[in-house]
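Asker: Attaching a single structure in structure tokens format; questions to follow.
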Amino acid sequence: MSTKSFGRSFHFGNSPNRQRAAGNKPSRPSGGRSGFNRGNRFRDQRINPALFVSKAEPNLKTKPYVSKNAFADFAIAEQLKNNIITKGYLTPTPIQDEAIPAVLDGLDVVGIANTGTGKTAAFLVPLINKVILNGQENILIVVPTRELATQINEELIDFRGRLRIFSVCCVGGTSIGRQISELHRAHNFVIGTPGRLKDLIERGVLKPARFSTIVLDEADRMLDMGFVADMRFIMNLMPTNRQTLFFSATVNKEIDRLIQEFLTDPVTISVKTGNTPKNVEQDVIKIRHEQEKLTILHEILAKPEFSKVLIFGRTKFGVEKLSNILLRSGFKADAIHGNKNQNKRQLALNLFKANKTTILVATDVAARGLDIPNVTHVINYDLPATYDDYVHRIGRTGRGDQLGKALTFIG
């Protein structure tokens, strides 16, 4: 793309090294977890800029997936089938097609899948059926972020319809007193983040021994965020004859160790189709100095095709500052980051989903698992800490069969 269309002397990167770079693996920082720890302090990782450039391959040009089942074929309750149809689901995605029968059979499951492949339904559908068959079943779902916990809880409510199946969402940033009150009422599902769940367990309110099933969703993200000790704390209090479901977008030696530690004779289902989504156009914006970065961003966002944009920054302070600058410049922008309380974060997310705001500036809290419809562009205003973080960031656009675009600022 030429520089002329933007009216300034900057350009999107071309890709003469694309083929050479395709097989490159980004270097890992030495020692410990990659990316950032629970305190959100980043470790530098050099990523080959050529990995940020790729042409999109629209889904319609690829061979369509032929499912083995329809949702109507699964051995689940009729009311649940009706709820699924009402939600608009007819044909399962690959992870759903493979995982639902295995979960229904009571097996431990390891699911490896790209972001945006429908893995939430892959465990919720069979687990809701499990509760329908036995009202005494209790299921614990552990996730890395508050937003993902809220999203899963909302999907659970959609799937259950009028069925008397209840859940409690236990996350930080909200009243623990209210969560304690809700845990004293009838419920079958608890969905929460590791830190808040550990707090409730230590208070004696939540007893892992009563849960027959546990789901560890976005396990690689929990590992990156430093939650491994909390995960082990919870798992060590679970009954030995439990069913364990483990979902991750990436696999490494640490993930393999957790699988061996937490699961028993698991069925492994891998539907990962590559590092980055094939239907996301990826390119870079080269800048000569930091001072021109904001000017370039303004010019890009003023273009009509940038109608719903997710911008990623590294720090909570930087994200809030950028959001305020864009607001003062007349853009409909908001921000989510760890310094905002949960109500404000959820409100910002809901406004963005409903198109009341057109720009959401976020730290990597929004990079995993969140299903935000119709995001036209992802902009990496700050470089991600790791290549895995990049993959998950750009997975917020180009969902399903839609095309998306991802741009990354590089100096």
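Every number here is computed from the coordinates shown, using simple stated rules; none is lab data. What you see is a predicted model, and the numbers here were worked out from it, not measured in a lab. So basically every Cβ, Gly included, is an ideal-geometry build from the backbone, and we count neighbours across all protein chains shown.
Asker: Using the structure shown, list the pairs from 119/286; 198/278; 316/353; 286/321; 87/308 with a Cα-Cα distance above 27 Å, or answer none. Could you put the intermediate results ahead of the total?
Answerer: Details: 119/286 36 Å; 198/278 38 Å; 316/353 21 Å; 286/321 22 Å; 87/308 24 Å.
As for pairs spanning more than 27 Å Cα to Cα, those are 119/286; 198/278.
Asker: Can you list the trypsin sites (Lys or Arg not before Pro) in the stretch 198-293 that are in a DSSP coil and have 14 or fewer other beta carbons within 10 angstrom? Write out the running numbers ahead of the final one.
Answerer: Values: sites: 198, 203, 210, 221, 232, 242, 253, 257, 272, 278, 286, 288, 293; in loops: 203, 242, 272, 278, 288.
Those that pass, being in a loop and sparsely packed, are 203, 288.
Asker: Same structure, new question: Collect residues whose amide H, placed 1.01 Å from N in the peptide plane, falls under 5 Å from the amide H of residue 267; neighbours closer than 5 in sequence don't count.
Answerer: 108, 109, 110
Asker: Below 8 Å between Cα atoms, with a sequence gap of 6+, how large is the relative contact order for the stretch 71-270 in percent? Before the final figure, lay out each step's value.
Answerer: Values: 319 pairs, mean separation 56.6, N = 200.
Result for the stretch 71-270 is 28 percent.
Asker: Within the stretch 310-373, which trypsin sites (Lys or Arg not before Pro) sit in a loop by DSSP and count at most 14 neighbouring Cβ atoms inside 10 Å?
Answerer: Values: sites: 314, 316, 321, 328, 332, 340, 344, 345, 353, 356, 368; in loops: 314, 332, 340, 356, 368.
Listed in order of number, the matching sites are 332, 356.
Asker: Sticking with this one: Which GluC sites (Glu not before Pro) in the stretch 211-320 sit in a loop by DSSP (not H, G, I, E or B) and have at most 15 other Cβ atoms within 10 Å of their own Cβ?
Answerer: Numbers: sites: 218, 254, 261, 281, 290, 292, 299, 305, 320; in loops: 218, 305.
Sparse-neighbourhood loop GluC sites (Glu not before Pro): 305.
Asker: Rank the residues 256, 364 as a footprinting-exposure proxy: fewest other Cβ atoms within 10 Å of their Cβ go first. Walk me through the numbers on the way to the answer.
Answerer: Values: 256 11, 364 25.
Result, fewest neighbours first: 256, 364.
Asker: Taking neighbour counts of Cβ atoms within 10 Å as a proxy for exposure, in what order, fewest first, do 371, 388 appear?
Answerer: Details: 371 17, 388 22.
Least to most surrounded, the residues fall as 371, 388.
Asker: Please work out the Cα center distance from the stretch 239-300 to the stretch 327-341, rounded to the nearest Å.
Answerer: Answer, in whole Å: 25.
Asker: Most exposed first by the Cβ proxy, i.e. fewest other Cβ within 10 Å, how do 154, 137 rank? Can you show the working numbers first?
Answerer: Details: 154 13, 137 19.
The order, fewest Cβ neighbours first, is 154, 137.
Asker: So who's got an amide H within less than 5 Å of the one on residue 311, skipping anything under 5 residues away but keeping other chains? H placed 1.01 Å off N, in plane.
Answerer: 360, 361, 362, 379
Asker: Under 8 Å for C-alpha pairs, at least 6 residues apart: give me the relative contact order for the stretch 182-303, rounded to a whole percent. Please report the intermediate quantities before stating the final value.
Answerer: Details: 72 pairs, mean separation 27.2, N = 122.
In percent, rounded to a whole number, it is 22.
Asker: Using a cut-off of 10 Å between beta-carbons, work out the net charge of the residues near residue 339 (Lys and Arg +1, Asp and Glu -1, residue 339 not included). Working shown, then result.
Answerer: Numbers: positive: 316, 340, 344, 345; negative: 320.
Charge balance in the 10 Å sphere: +3.
Asker: For the stretch 262-411, give the magnitude of the charge dipole about the Cα centre (Cβ charges: +1 Lys/Arg, -1 Asp/Glu; no others), in debye to the nearest 20.
Answerer: In debye, rounded to 20, the stretch 262-411 gives about 440.
Asker: Tell me which residues come under 5 Å, amide H to amide H, from residue 170 once H is placed; ignore anything under 5 positions away on its chain.
Answerer: 191, 192, 193
Asker: Calculate the dipole size of the stretch 71-270 relative to its Cα centre from +1 charges on Lys and Arg beta carbons and -1 charges on Asp and Glu beta carbons; express the result in debye to the nearest 20.
Answerer: Numbers: 20 positive and 23 negative charges, 158 e Å.
Dipole about the Cα centre, nearest 20: 760 debye.
Asker: With θ set to phi - 60° and the Karplus curve 6.51 cos²θ - 1.76 cosθ + 1.60, what are the ³J(HN,Hα) couplings of the stretch 227-235 in order, to the nearest whole Hz, using x for Gly and Pro?
Answerer: Using θ = phi - 60°, the values come out as 8, 4, 5, 5, 4, 5, 4, 5, 5 Hz.
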